[in-house]
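The structure appears below as structure tokens.
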Amino acid sequence: MSQVRVRFAPSPTGFLHIGGVRTALFNWLFARQQGGIFVLRIEDTDQSRSTDESIQAIIEGMKWVGLDWDEGPFRQTERKDLYCQHAMKLLETGHAYWCVCKAEELEARRKEAEAKGLSPRYDGRCRNLGIASPTEDAALRFKAPQEGQIVVDDLIKGKITFDTSAADDLIILRSNGYPTYNFSVVVDDALMCITHVVRGDDHLTNTPRQIPIFEALGFPVPQFGHLPMILGSDKARLSKRHGATSIMAYKDMGYLPEAMVNYLVRLGWSHGDQELFTRRELIEKFSWKHVQSSAAVFNPDKLLWINAEYIKSSSPSEVAEALVPLLNAAGLQEQVRTVSKEWLAQVVVLVKERTKTLVDMVEWVKPYFGQEAIYEVEAAKKFLSPMTAPLLQKLLTRFEAFPRFSKQAWEESFKKLVEEEGIKMGALAQPVRVALTGRTASPGLFEVMEVLGRDRTLYRLQKGVERASGG
RNA sequence: GUCCCCAUCGUCUAGCCUGGCCUAGGACAUUGCCCUUUCAAGGCAGUAACACGGGUUCAAAUCCCGUUGGGGACACCA
């Protein structure tokens, strides 16, 4: 069997959409599993809507989620000659004809047909005119077969039968010389020897229009697979009003690329009850057979859960590295510069159980920077009251007696004080927590002290005493 | 309007192809309990679904037909 060749072919008319990432992902997974080739092709034949920024955004997004391509990126605008050549070939072999209908006329006729409740298709008026070399602006149309059926054996949906009589004579070359989508796709897929065309569900009805073009051109017809759409919570096609749809927006919101990949692949594909997969497992276990044929609702809650799982299970130093840009974005670049990577990784370990995104994590990490604890007003008012001052002072005195920090020794000392005072754990723990972190919620006190180090712990306790005494 | 696709807990899904192991499993979310110095995390338990109607069969979530509902496509956009 020949080598598997698949492609991802976005049009550069905006950011990279998460639906696009999922389509790319399924293709990529299949290519990697089969030892095949993954091609990136930019479909920019619509010059009015395509931008270079969008191409950059696509590349940036693909890189972020780690979907590397083996060939490309190819740009269709750079392959214009190829499309013309093949279009001429169709003209020569009688599979295409010149159409001199004006765009406005076509539009008017379409509207009219629609108003009458008819199918808004081309009436074929130039089909048999036999225009050899048009003297005016003309578009080239493909002579679509008018009888019979086209059966697509879809990788995901199985056999689908279309009546050819419903097919239109598509324009393949615009009057400005540029090819249209359905034609350039076929020429490229054929020339790039794509063996499996896997794309979104919305292209399903393009398939029976494209197959005759492959055939007319004398190219083998690839296998097709149509991925179900991603829907918003209201079951309408996912769009901005459902929240962020750009893949890079998720980076900014503190999602890990591996978590995005894991979520997106599970949205429509499954392997028994398994929820979490390493990339290696994904490549190994992926199968078209278990790709769902119905649309899926995008569930931000589950994505959040998966992200939390990845934050917990990824290596702390990697998480710390991904965190740095967000820390900088939050205005902490000064503080970040003064700490070591190792220390930051240590802080990550401290907070990773309680954060679901890296953006959350920024907030959790803040108290460990700087000499001073920054008190939340309510927290200080409640726990650093004059009543607690003597208690904190007693603890501080005991801690000061230790020449070095020891989690075990300090904790024992702490518990002993609680016992002697006949108070509840929380009566001492909460004031200490506020003194150390400025907040009422934090990781375990002694883990916090470990990260802070002896000097800063003592310093912050001292400041806590002062604040509690009414300072 | 025409054509095409789809239909299991609120959501993602397992099971469907190759009917009996399904009293329909898992996960997210949600509720309660446990753990606990706070917040989490974790553990345990609970609520919750085969869209509907006909067939076929000893037996249907699974096969067939219809209905309803949802989605998509019908451009000199991609």
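The values are calculated or read from the model by the stated rules, or taken from the named source; none is laboratory data. These numbers come from a predicted model, not from an experiment. Please note: Cβ atoms are built from the backbone with ideal geometry, for glycine as well, and neighbour counts cover all protein chains shown.
I'd like the full set of residues that are under 30 Å from the mean Cα position of the chain (by Cα), buried (at least 16 other Cβ atoms within 10 Å of the Cβ) and either among the hydrophobic types (A, V, I, L, M, F, W, C) or within 14 Å of RNA strand B (Cβ to nearest atom) (or both), limited to segment A:358-376.
Within segment A:358-376, A:LEU358, A:VAL359, A:ASP360, A:MET361, A:VAL362, A:TRP364, A:VAL365 qualify.
Has segment A:349-357 got any residue that is free of Cβ contacts under 8 Å to residues at least 24 places away in the same chain and within 26 Å of the chain's Cα centre (by Cα)?
Scanning segment A:349-357 turns up no residue that is free of Cβ contacts under 8 Å to residues at least 24 places away in the same chain and within 26 Å of the chain's Cα centre (by Cα).
So for segment A:61-72 (the condition being within 30 Å of A:ASN262 (Cα to Cα), at pLDDT below 95, of a type outside the set (Lys, Arg) and more than 13 Å from RNA strand B (Cβ to nearest atom)), does at least one residue qualify?
Yes, segment A:61-72 contains a residue that is within 30 Å of A:ASN262 (Cα to Cα), at pLDDT below 95, of a type outside the set (Lys, Arg) and more than 13 Å from RNA strand B (Cβ to nearest atom).
It is to be established whether one or more residues within segment A:102-125 are surrounded by 15 or more Cβ atoms within 10 Å (Cβ to Cβ), modelled with pLDDT of 80 or more, more than 9 Å from RNA strand B (Cβ to nearest atom) and not basic (Lys, Arg).
No, segment A:102-125 contains no residue that is surrounded by 15 or more Cβ atoms within 10 Å (Cβ to Cβ), modelled with pLDDT of 80 or more, more than 9 Å from RNA strand B (Cβ to nearest atom) and not basic (Lys, Arg).
What number goes with the only condition from (1) assigned to a helix (DSSP H, G or I); (2) in contact with a helix residue (DSSP H, G or I) (Cβ under 6 Å, 6 or more places away or on another chain); (3) more than 11 Å from RNA strand B (Cβ to nearest atom) that A:ASN182 does not pass?
(3)
Taking the stated definitions as given, is A:TRP98 within 14 Å of RNA strand B (Cβ to nearest atom), farther than 22 Å from A:HIS203 by Cα, of a type outside the set (Lys, Arg) and not in a helix (DSSP H, G or I)?
Spelling it out, A:TRP98 is indeed within 14 Å of RNA strand B (Cβ to nearest atom), farther than 22 Å from A:HIS203 by Cα, of a type outside the set (Lys, Arg) and not in a helix (DSSP H, G or I).
If a residue counts only when it is more than 30 Å from A:SER314 (Cβ to Cβ), which helices (runs of 4 or more DSSP H) contained entirely in segment A:355-471 have at least 2 such residues?
A:377-383, A:389-400, A:407-421, A:425-437, A:445-468
Can you confirm whether A:LEU344 is part of a helix (DSSP H, G or I) and more than 9 Å from RNA strand B (Cβ to nearest atom)?
yes
Is one or more of the residues making up segment A:311-332 among the basic types (Lys, Arg), within 28 Å of A:HIS242 (Cα to Cα) and under 21 Å from the mean Cα position of the chain (by Cα)?
Yes.
Could you run through segment A:144-176 and say how many residues are part of a loop (DSSP other than H, G, I, E, B) and of a type in the set (Lys, Arg)?
2
Checking A:GLN430 against (1) crowded, with 18+ Cβ neighbours inside 10 Å; (2) of a type outside the set (Phe, Trp, Tyr); (3) at pLDDT below 95, only one condition comes out false. Which one?
With respect to (1) crowded, with 18+ Cβ neighbours inside 10 Å; (2) of a type outside the set (Phe, Trp, Tyr); (3) at pLDDT below 95, A:GLN430 is out only on (3).
Just to check your reading of the model, which residue among A:ALA244, A:ALA259 is assigned to a helix (DSSP H, G or I), in contact with a Phe, Trp or Tyr (Cβ under 8 Å, 6 or more places away or on another chain) and not charged (D, E, K, R)?
A:ALA259
Looking at segment A:185-208 only, could you name the residues that are near RNA strand B (Cβ under 6 Å from one of its atoms) and among the acidic types (Asp, Glu)?
Those that are near RNA strand B (Cβ under 6 Å from one of its atoms) and among the acidic types (Asp, Glu): A:ASP201, A:ASP202.
Kindly indicate which of A:GLY272, A:GLY268 is near RNA strand B (Cβ under 9 Å from one of its atoms) and more than 16 Å from A:ALA296 (Cβ to Cβ).
The match here is A:GLY272.
Quick one: what pairs do we get from segment A:358-376, first residue touching a residue at least 40 places away in the same chain (Cβ under 8 Å), second charged (D, E, K, R) and buried (at least 22 other Cβ atoms within 10 Å of the Cβ), C-beta under 6 Å, 6+ apart or different chains?
Hits for this filter: A:ALA373/A:ARG460.
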